[in-house]
Amino acid sequence: MVESSYNSSSKIHKMIEYRTIYPLCVGLILASVIAIIILYSSEYHWVKDVKDYIIAQEINHLLRASIARGLIFGSLFSTNIAQLQLIRGVFDGSLSGTIKSNDNLADPNAVDARNPGNIDFNASGISDYVFSDTSRTLSSSTYYNQLKLLDILLNTVNPLYKGAILQLGLIMEQDHLDYRHPVQNMSYVQGSSFNFSDTCGKENVPFDPICTKTYYWLKNNPNRNATVSYEYSVIPTYLDTDFGASILVSHKDMIKDWMNPYEYYTYFITSNYGELVLALNQKDIDQIFSYNLSYNLFPDDYFLAQRAAPTLQAIINAKSTSSSVFDGLNSRYYVAVTNMNITLSTRKYPGYEDSFSAGVMISRAALFIDWYDTLDTIENTIIIQMVIFICFVFLTIIIAVRLSKSITHRVTYPLWQLEQYLLGKIKLIHTHIRFNRETNTIVKSLNLIEDIEKLIDPHYLLHPRIEERLQNLEIVEMIYTKIGNLRGIAITSNLIGNIFYDNGQYRKAIEKYKESLEITVKILEGVEEQEKEESELNEQERIKEGFVYSGWKAEKDFLIDDINNRKLQLCMAMRANLKVTTAPITDLRTEWKEVLNLQTSVLQHYIQTSSNFLQLIRLLIDMSISFQSLQYFHSAIEILNIVHDELEKLDQSSPEFIDIDIARLKRIGVNLQDSLTTTSSFFNVTDITYQKDVLKQFMYYRKGIIFKEQDKFQESAASFTLAIERGEYYDPEIRTLCIEELNRMMNKFSIKTGIDELKRMHHNIKYSKKSIVFILSYKINSNPKLNKKLIKFVNKEIGQKRDQFGVVCMNSKIKNILDVAPRDMPEVDLEHLLFQIAARADGEELDHIYDLIMCGFNCFPVDTLDKHIVAFVGPSDADVGASYLKDLEEITARKIQIIVIFIETLVDSDFRNFLENNDCKIFICDKISQLNEILEEVKSLLFGRSLI
């Protein structure tokens, strides 16, 4: 019925969409497309017309700019030509006799440019000359008398142009003489071998002024009266004369300095034959003179330069103002050229010299750069207006569509999904999907129920992978927070803190322990408040409210014990964090005092309640660490002496009660509250076995550390020795620390005799070959023969080889574990462990074999490479555990050897297949009598076969 209702609702919703919304959307889209096409078509034609207009105006501008440049440089060249005409006229008049000179004129003050000597090139009144014949002197010149007058003229004229012109002079073709004023460094003529094969047909000859390229171009072009060129790092201007040429030499930057280019435009000066480019913007003439005009204009487009050369030459030869367009690679260029009219009066063509042109060029991209910005602004404005219009239209459509979809999404669809989930056909809806308020509440409740259901699986909270377990605990903490279960929050916070502590994240562990402690205190306050409320009710009111008043003492005692346990955990984490902190002890005193205060409050509780004697003794030893860290060495030693005295009482005829001297604690600085009026407190000490030996060992070790810090090495060594030798039971970790401390002390004082046993023990600790863990997954009480065989095997094989040895027994939750460590008598430690398990009421309880193997894997030291797990599996009632079979892959992936011996039990097929597929060793022992042979095989797998 619900499904048909959902389908009906869905069909109506789709029908509305198809018949109303979709046609409306299609119509609006078509209208918008047509409007956009019309708009952009009109814009396209308008833009095209504007571009054509801009191009036309720009070409006119280029023509005017080229004319202006032609006039500027034509005037510059005309000025230079006028000076050359003056010199030529004077010299021609002197030759023809029109100009008469005084016979007493002084000889020219000139030096040979090839051999100027130590002449000062900045001196005035000195000229220089150069003959092609290196043996000739100036006095041998045919024009020597005329040069006297010329020298006077040049000395008179040159100061007027100082700075703009480097030299003025003449070239006398008959004498092959170049005469200039003033003197300059003409080092280029000083060579002895010049190549004039392309001008005069001469090679390897001295410098000849009439064989230069500029002179050759002037004389061998009948249409040319004057020329400007670039040669020998200067710009010479030549004017044709009957006797040769008059010459004006300018600095190579003379033309470039007049260019003054504008952004995006390229200005150039060239000869009408295109072979000489004298200027291109403000580029150095050395970069442009060796290339023709087209390659200078298009240096990055070789093919365009080739195609443009003929066209450029044509518009230059037209000798008029004209323009052209060139299409290159991804660009177009507009060029305008005008002829430069240089005013002159010569024997050949009086009037003007038109052998040079000026031009301007701009690219299409540069021309339209500002226009494109304007066009972009216009188009953006149009687009914004259209987008706003379309947005308003579509906003109306979206509201209608969203409204119809919202009804389906928030009402019909979630109800159908909830039905499918309850039928088990789909997974639960994610909580981040929002429906209507009522549906959201239902979904959140179902999610909460689903998370709570996960708690039934022990694998969830006891996941063997720490990262997964941490994530699961955080989810559980969130669940307890949602339902307001403070007790659950306190427990999960504490478990999360344990994980952080094991991972070495002590600060995070402190935060979680504090959170757990605060919540537990809050729970206690709530219980006390409820107790107070109930105590104020009479019998009738209690019956009416449904209270069965029996007191809250048991609950409060439990919570108080829990609070003290949380304080001890917090102290443990704070001590670990302080231990790894590198700050000086003076900066950590506040934290250590906080630890000591917490320990004192727990001690206060133990004394007031006369409970937990062993925990009290351990707490006193921990307090000695706090006193030592605060450098209260006397108090630390005294509190350990109290521990020693109390433990000694346990060896005196097995007493049932022991008293603690409270006054003695107060005298050494333990800040107990004044409410303790008695001087001693009695504790029940029955059922204490191995714990006293372990605590005594720990006490001696702490004494040794304190004496060592006080440089009392004899007392320290004695304490370490007592920690190693005293007692039947011991903590292997403390034993290892004592051996290492004694070994360092012996090395420090170079004691080498009488310590053979110490050396042996230290060698066993440092150089143990492998780590072996026994997994005992059988009922200890029911298998005494098996126990004896294992003890015998450990004594014979493992005890002799001094390997690291550990045991994980059947009930790991109550810590029936021997840590993996070097052991002097591993068979004795195993025997003690089996005895303790047999003495417990829950000794027959078994964990699942997967859990035990994972526990054994976690017992291995981090620095051990050769690891072995030997599991003895008997009949078990544990069908479910926290670990799955796939979790064991983490062990096999690390190449840890697993040996499993099934003793008088059925073998699980999945477990067996897993072991076989991962190269694990399997033994089936149908009877205990077969175990000896199997243990021989285990021995060979662990240590190799004997050669005997």
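What number goes with the only condition from (1) of a type outside the set (Ser, Thr, Tyr); (2) touching a residue at least 60 places away in the same chain (Cβ under 8 Å); (3) in contact with a helix residue (DSSP H, G or I) (Cβ under 8 Å, 6 or more places away or on another chain) that ASN109 does not pass?
(2)
Report yes if ASN80 is surrounded by 15 or more Cβ atoms within 10 Å (Cβ to Cβ) and at pLDDT below 85, otherwise no. Steps first, answer last, please.
Details: surrounded by 15 or more Cβ atoms within 10 Å (Cβ to Cβ): yes; at pLDDT below 85: yes.
Considered against the rule, which asks whether it is surrounded by 15 or more Cβ atoms within 10 Å (Cβ to Cβ) and at pLDDT below 85, ASN80 comes out as yes.
Condition check: under 30 Å from THR441 (Cα atoms) and either modelled with pLDDT of 70 or more or surrounded by 13 or more Cβ atoms within 10 Å (Cβ to Cβ) (or both). Does VAL401 satisfy that?
yes
For segment 561-574, does any single residue satisfy the condition of being loosely packed, with under 14 Cβ neighbours inside 10 Å and either in a helix (DSSP H, G or I) or of a type in the set (D, E, K, R) (or both)?
Taking every residue of segment 561-574 in turn, none turns out to be loosely packed, with under 14 Cβ neighbours inside 10 Å and either in a helix (DSSP H, G or I) or of a type in the set (D, E, K, R) (or both).
Grab the helices (runs of 4 or more DSSP H) fully contained in segment 609-667, keeping just those with 1 or more residues being among the hydroxyl-bearing types (Ser, Thr, Tyr).
613-629, 633-650
Is it true that some residue in segment 45-58 is among the acidic types (Asp, Glu), out of contact with any strand residue (DSSP E or B) (no Cβ under 7 Å at 6 or more places or on another chain) and farther than 30 Å from ASP151 by Cβ? Working first, answer last.
Residues of segment 45-58 that are among the acidic types (Asp, Glu), as a first pass: 49, 52, 58.
Going one step further and asking which of them are out of contact with any strand residue (DSSP E or B) (no Cβ under 7 Å at 6 or more places or on another chain), we end up with 49, 52.
If we keep only those that are farther than 30 Å from ASP151 by Cβ too, we end up with 49, 52.
Taking every residue of segment 45-58 in turn, at least one turns out to be among the acidic types (Asp, Glu), out of contact with any strand residue (DSSP E or B) (no Cβ under 7 Å at 6 or more places or on another chain) and farther than 30 Å from ASP151 by Cβ.
So if I check each of ASP107, ASP92, which one is surrounded by 14 or more Cβ atoms within 10 Å (Cβ to Cβ), among the acidic types (Asp, Glu) and either outside the structural domain of MET186 (by TED's automatic domain parsing) or not in a helix (DSSP H, G or I) (or both)?
Every option except ASP92 fails the conditions.
Quick one: how many residues across segment 885-910 are among the hydroxyl-bearing types (Ser, Thr, Tyr) and either surrounded by 15 or more Cβ atoms within 10 Å (Cβ to Cβ) or within 20 Å of SER782 (Cα to Cα) (or both)?
Count: 2.
Checking the conditions here, which among THR199, THR227, THR241 is in contact with a strand residue (DSSP E or B) (Cβ under 7 Å, 6 or more places away or on another chain), modelled with pLDDT of 80 or more and β-branched (Val, Ile, Thr)?
On the way: THR199 fails: in contact with a strand residue (DSSP E or B) (Cβ under 7 Å, 6 or more places away or on another chain); THR241 fails: in contact with a strand residue (DSSP E or B) (Cβ under 7 Å, 6 or more places away or on another chain).
Going through THR199, THR227, THR241 in turn, just one is in contact with a strand residue (DSSP E or B) (Cβ under 7 Å, 6 or more places away or on another chain), modelled with pLDDT of 80 or more and β-branched (Val, Ile, Thr): THR227.
Here's the yes/no breakdown for (1) in contact with a Ser or Thr (Cβ under 9 Å, 6 or more places away or on another chain); (2) touching a residue at least 40 places away in the same chain (Cβ under 8 Å); (3) of a type in the set (S, T, N, Q):
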position: LEU150; (1), (2), (3): yes, yes, no
position: ASN158; (1), (2), (3): yes, no, yes
position: ILE165; (1), (2), (3): yes, yes, no
position: LEU168; (1), (2), (3): yes, yes, no
position: HIS181; (1), (2), (3): yes, yes, no
position: GLY191; (1), (2), (3): no, no, no
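Residues ALA576, ALA554: which one is more than 24 Å from PHE707 (Cβ to Cβ) and among the aliphatic types (A, V, I, L, M)?
ALA554
Keeping to segment 875-905, report how many residues are part of a loop (DSSP other than H, G, I, E, B), free of Cβ contacts under 8 Å to residues at least 12 places away in the same chain and either more than 20 Å from ILE772 (Cα to Cα) or over 39 Å from the mean Cα position of the chain (by Cα) (or both).
Final tally of qualifying residues: 0.
Inside segment 211-262, can you point out the residues that are within 60 Å of the chain's Cα centre (by Cα), in contact (Cβ under 8 Å) with a residue 60 or more places away in the chain and either assigned by TED's automatic domain parsing to the domain that holds ILE171 or in a loop (DSSP other than H, G, I, E, B) (or both)?
Result: MET254, ILE255.
Looking at LEU776, LEU742, LEU790, LEU722, which one is touching a helix residue (DSSP H, G or I) at 6+ places or on another chain (Cβ under 6 Å), modelled with pLDDT of 85 or more and buried (at least 21 other Cβ atoms within 10 Å of the Cβ)?
LEU742
How many residues are not polar (S, T, N, Q) and not in a helix (DSSP H, G or I) when one looks only at segment 579-608?
Of the residues in segment 579-608, 3 are not polar (S, T, N, Q) and not in a helix (DSSP H, G or I).
Please tell me if PHE207 is closer than 19 Å to TYR230 by Cα, crowded, with 16+ Cβ neighbours inside 10 Å and at pLDDT 85 or above. Before the answer, list the steps.
On the way: closer than 19 Å to TYR230 by Cα: yes; crowded, with 16+ Cβ neighbours inside 10 Å: yes; at pLDDT 85 or above: yes.
Spelling it out, PHE207 is indeed closer than 19 Å to TYR230 by Cα, crowded, with 16+ Cβ neighbours inside 10 Å and at pLDDT 85 or above.
The values are calculated or read from the model by the stated rules, or taken from the named source; none is laboratory data. Just so you know, these numbers come straight off a predicted model, no measurement behind them. A quick note on method: Cβ atoms are made from the backbone with ideal geometry, for glycine too, and the neighbour counts reach across all protein chains shown.
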